[in-house]
Protein chains: 2
Amino acid sequence: MSLAFQIHAESGAARRATMMLPHAAVETPVFMPVGTVGSVKAVPQHLLEELDARIILGNTYHLYLRPGHELVRRMGGLHRFMSWERAILTDSGGFQVFSLNELRKVTEEGVAFRSHIDGSSHFFSPEHSMDVQVALGSDIAMAFDECTEYPADYARARKSLDLTLRWAQRSRDHFEAHKHERPWSEGFEGKMPSLFGIVQGGMYPDLRRESAERLVEMDFPGYAIGGLSVGEPRELTREIIAATLPLLPKDKPRYVMGVGYPDEIVEYAAMGVDMMDCVLPTRAARHGLLFTSEGRLNIKNRRFAEDQGPADPKCDCLVCRRYSRAYLRHLMTAQEPLAAVLNTLHNLAFYLGTMRRVRERIEAGLPVTDLKMEASQSA
Amino acid sequence: MSLAFQIHAESGAARRATMMLPHAAVETPVFMPVGTVGSVKAVPQHLLEELDARIILGNTYHLYLRPGHELVRRMGGLHRFMSWERAILTDSGGFQVFSLNELRKVTEEGVAFRSHIDGSSHFFSPEHSMDVQVALGSDIAMAFDECTEYPADYARARKSLDLTLRWAQRSRDHFEAHKHERPWSEGFEGKMPSLFGIVQGGMYPDLRRESAERLVEMDFPGYAIGGLSVGEPRELTREIIAATLPLLPKDKPRYVMGVGYPDEIVEYAAMGVDMMDCVLPTRAARHGLLFTSEGRLNIKNRRFAEDQGPADPKCDCLVCRRYSRAYLRHLMTAQEPLAAVLNTLHNLAFYLGTMRRVRERIEAGLPVTDLKMEASQSA
């Protein structure tokens with residue numbers, strides 16, 4: 001199966017492309033804000049649109065538990081349910097099943113786990129994950145994989161990868177048989193969701209190679225590199241990405257899951273990554289950590305108490321145009337709910353703005369990595 | 001001292017007027033959203049502007065404790081600190097000193113109390129309350145009063161009123177001597193904040209009369225009726241308002257503090273009240289209680305789980321135009337921070353819209369009370 005992915009320009013290994021999804025034309029490289037359970041936390045959808053977000057992430061595990069995928073399907077799918085007409089990518093649920101459940105039991109068939117909300121018993125298989133993602137109506141679904149823990153020895157990583165590869169085939173077969181059951185058929189005649197494969201293999205380049213080659217044989221419309229940002233040193237993350245990217249088809253989108261800091265997303269885009277997502281800008285915002293062109297600010301710090309400047313003097317987001325660091329600090333100190341709203345808006349503006357500048361540099365044929373130094377400063 | 005308050009139309013006892021404050025022309029009758037500690041909780045200022053809020057309330061007690069009135073003054077005043085260019089009314093701090101402090105000690109000089117945040121010791125006198133309000137830079141400041149508790153016997157209410165009247169004179173004297181020290185002199189040449197007197201007297205009409213007459217002798221530019229919504233039955237609230245309004249000058253604004261439900265604000269406007277404020281629409285929103293033309297909705301109720309309709313079919317606010325009851329319920333159930341944002345936006349739209357319709361009816365010479373029945377329905 002294919003997905004329209006048109007590459008307009010390249011600069012070094014970086015690519016500037018447009019990915020045509022049923023609900024949106026997404027300009028890549030792209031950073032996707034995370035909307036865990038049907039909301040990018042604290043941000044109204046019309047302000048996400050003003051930020052020019054074209055695609056957001058939904059978490060299959062969370063949405064399956066609450067409000068439930070069948071309810072979402074009856075409401076017309078996740079786009080209509082949350083009133084977000086642009087694109088949505090859903091993960092497979094695998095990562096949360098593994099990270100939020102200490103009592104999970106993995107078998108060939110799938111994973112038994114207990115809800116982190118009420119302790120109730122549930123079972124996810126590749127087929128069930130596909131059913132849930134089709135019911136949610138994502139533009140891009142992800143294959144159900146086992147996210148190999150870190151550290152994992154070679155034998156463990158090998159065994160985990162083999163299971164993930166069998167699950168990838170089952171995911172693909174079930175998804176292709178059922179993708180037409182998406183809830184948004186009306187007005188989308190002939191448009192179908194896409195399923196991406198996920199490269200695993202722990203921190204072993206030969207396993208990563210085998211994983212990539214086997215997935216490419218299965219012919220997915222896009223490929224993710226999973227199992228990173230699980231506690232490994234950052235240099236190792238970069239090495240694994242560098243080793244894996246050349247193994248993936250050049251004409252299809254490549255997605256690194258769960259990254260990263262601003263300088264990381266610039267670096268990975270420079271290496272040829274097209275898509276990234278991370279809770280960092282949204283989660284950090286709720287704790288008062290702001291990303292700026294001058295580095296990271298802990299806005300709760302007393303030194304900002306009377307700082308009349310904007311969070312980021314180079315930022316033109318609605319927060320920086322209007323509010324001072326002193327006010328943002330006060331909102332955190334007084335535990336005002338507006339703190340999460342404004343901090344999140346700024347951090348997303350910074351991340352999306354960073355990627356917009358990455359795209360502009362690729363279009364201009366300029367080296368992307370020049371942006372990295374700036375993004376890595378720490379105030 | 002006078003305040004430009006131009007009455008355009010009347011319908012029964014209700015008046016339609018424009019109150020010219022330094023930072024805004026406020027159309028009355030008006031409902032003022034409460035922005036306790038420098039933020040109408042969960043709502044960005046530009047969305048308050050989109051709701052056409054012209055005046056909001058700030059709480060002197062909260063702002064004095066955090067971030068501190070001297071800091072706010074150094075930041076250019078509350079308007080600039082919170083980036084709200086329209087009007088602000090501040091209460092005197094008296095109500096919170098009395099309601100949030102069990103260990104307060106009242107003397108002729110003022111009230112000693114402990115911070116509800118860290119237990120530190122503080123003292124508020126009429127003079128200090130004026131200093132704080134001038135430093136905050138409110139368009140309308142309120143006299144420092146003792147909010148008589150309910151129930152209070154006659155002797156207690158008498159004694160409390162006498163203290164409040166002496167404090168009113170001290171408030172007025174100090175305010176007049178210092179109001180020019182407001183932090184927003186630049187660009188506001190010749191414009192000064194106004195101080196309103198507060199009628200007390202418990203639930204005793206003769207004490208209310210004495211309070212009103214004595215305050216009118218002091219010649220305030222506007223008058224509030226305080227000491228209501230303190231636990232008394234609603235019929236008694238109405239009686240006290242009805243008994244007090246005729247004692248206040250017709251050509252000056254009349255403000256009932258701390259009310260109320262939608263049908264109450266309509267009723268009081270019909271009786272001739274010009275200004276009201278209440279935490280109800282904002283606080284209830286955070287608990288999932290929505291006010292609508294069909295009555296109150298507890299949006300957490302299971303019966304809304306798959307309700308695709310808007311919170312209020314007759315409402316054209318940004319929440320009702322875009323989101324379903326099912327989604328709003330989901331946000332509450334999943335404890336998403338967006339719930340507070342959207343619920344608050346809707347409730348404020350409903351309150352401000354209700355008052356807009358009250359004003360339209362007065363302009364058209366129609367009875368205002370016809371609106372009351374609709375607002376009092378309970379779904």
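The values are calculated or read from the model by the stated rules, or taken from the named source; none is laboratory data. For clarity, every value in this text was computed on a predicted model and none was experimentally measured. In this analysis, Cβ positions are derived from the backbone assuming ideal geometry, glycine residues included, and neighbour counts consider all displayed protein chains. Side chains included, ligands, DNA and RNA excluded: accessible areas come from the protein's heavy atoms. Shrake-Rupley method; radii C 1.70, N 1.55, O 1.52, S 1.80 Å.
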Any residue on another chain or 5+ positions along whose placed amide H is under 5 Å from the amide H of A:Ser194 is listed here as A:Ile140, A:Ala141
Out of B:Leu331, B:Leu215, B:Leu245, any idea which swings most in a Gaussian network model of chain B, alpha carbons joined below 10 Å? B:Leu331
With an 8 Å Cα cut-off and a minimum separation of 6 or more residues, compute the relative contact order for chain B in percent. 18
Between the helical axis of A:126-136 and the dominant principal axis of chain A, each derived from Cα atoms, what acute angle in degrees is found, rounded to the nearest 10? 50
Charge-dipole axis of segment B:1-100 as Lys and Arg at +1 and Asp and Glu at -1 on Cβ define it, positive-most pick from B:Ala9, B:His46, B:Phe98: B:Phe98
Which residues of segment A:65-83 end up with at least 20 Å² less accessible area in the presence of all protein chains than when their chain stands alone, using a 1.4 Å probe? A:Arg66, A:Leu71, A:Arg74, A:Met75, A:Phe81, A:Ser83
Accessible area of segment A:287-376 belonging to carbon and sulfur atoms, whole % at 1.4 Å probe: 46
Nearest-ten-degree value, helix B:337-363 long axis tilted from longest Cα axis of chain B: 70
For chain B, with every protein chain kept in place, what is the accessible area per residue (1.4 Å probe, Å²)? 36
Fraction of antiparallel bridges per DSSP, the protein assembly as shown only, in percent to nearest 5: 50
In whole Hz, the Karplus estimates of ³J(HN,Hα) for segment A:85-93 (6.51, -1.76, 1.60; θ = phi - 60°; x where Gly or Pro) are 8, 8, 6, 9, 10, 10, 6, 8, x
Could you run the Karplus curve 6.51 cos²θ - 1.76 cosθ + 1.60 with θ = phi - 60° over segment A:144-157 and give me ³J(HN,Hα) per residue in whole Hz, x for Gly and Pro? 7, 10, 9, 7, 5, 5, 10, x, 9, 6, 4, 4, 5, 5
For B:Arg15, residues with placed amide H under 5 Å, excluding near neighbours: B:Gly272
Please list, in chain and number order, the residues 5+ apart from A:Val34 or on another chain whose amide H is under 5 Å from its amide H, with Hs placed from the backbone. A:Leu57, A:Cys278
Given chain A, what percent of its DSSP beta bridges are antiparallel, to the nearest 5? 50
Gyration tensor (alpha-carbon) shape descriptor, the protein assembly as shown, a/c threshold 1.5: prolate
When the helix-only estimate is applied to chain B (DSSP H runs of n ≥ 4, each -39,500 (n - 2.57), divided by the residue count), what is the mean residue ellipticity at 222 nm, nearest 500 deg cm²/dmol? -12000 deg cm²/dmol
Check the straight Cα-Cα distances from A:Lys314 and name the aspartates and glutamates below 14 Å, setting aside those fewer than 8 residues away within the same chain. A:Glu294, A:Glu374
Which residue fluctuates most in the GNM of chain B (Cα springs below 10 Å): B:Ile117, B:Ile140, B:Ile198? B:Ile117
Determine the alpha carbon to alpha carbon distance for each of A:Lys105/A:Lys179; B:Lys159/B:Lys252; A:Lys191/A:Lys372 and list only those over 31 Å. A:Lys191/A:Lys372
Eligible lysines near B:Lys41 by straight Cα distance, threshold 21 Å, same-chain separation 8 or greater: A:Lys41, A:Lys300, B:Lys300
Probe radius 1.4 Å, ligands and nucleic acids ignored: give me the carbon and sulfur share of the accessible area of segment B:1-145 as a rounded percent. 49
Would you look at the GNM of chain A, springs on alpha carbons closer than 10 Å, and say which of A:His62, A:His180, A:His23 moves the most? A:His180
Please compute the net charge surrounding A:Ala311, taking Lys and Arg as +1 and Asp and Glu as -1 over other residues with Cβ under 14 Å from its Cβ. +4
Shielding by partners for A:325-331, please: the mean number of other protein chain Cβ atoms within 10 Å of each residue's Cβ. 5
Which parts of segment A:22-46, residue by residue, lose 20 Å² or more of accessible area when the rest of the protein chains are there, as against the chain isolated (1.4 Å probe)? A:Val37, A:Ser39, A:Lys41, A:Ala42, A:Pro44, A:Gln45, A:His46
Over segment A:82-213, what is the mean sequence separation of C-alpha contacts under 8 Å (at least six apart), divided by residue count, expressed as relative contact order in percent? 25
Roughly what % antiparallel, to the nearest 5, for the DSSP beta bridges in segment A:88-225? 45
Nearest 100 Å², what total accessible surface is buried between chain A and chain B (probe 1.4 Å)? 3400
Length-normalised contact order for segment B:287-376 - Cα pairs under 8 Å, 6+ apart - percent: 29
Have a look at B:Gly76, B:Ala349, B:Gly309 and report the one farthest towards the positive end of the charge dipole of chain B, computed about the Cα centre with Cβ charges (Lys/Arg +1, Asp/Glu -1). B:Gly309
Scalar couplings 3J(HN,Hα) for segment B:303-309 by Karplus 6.51 cos²θ - 1.76 cosθ + 1.60 (θ = phi - 60°), nearest whole Hz, x for Gly and Pro, are 5, 9, 4, 10, 7, 7, x
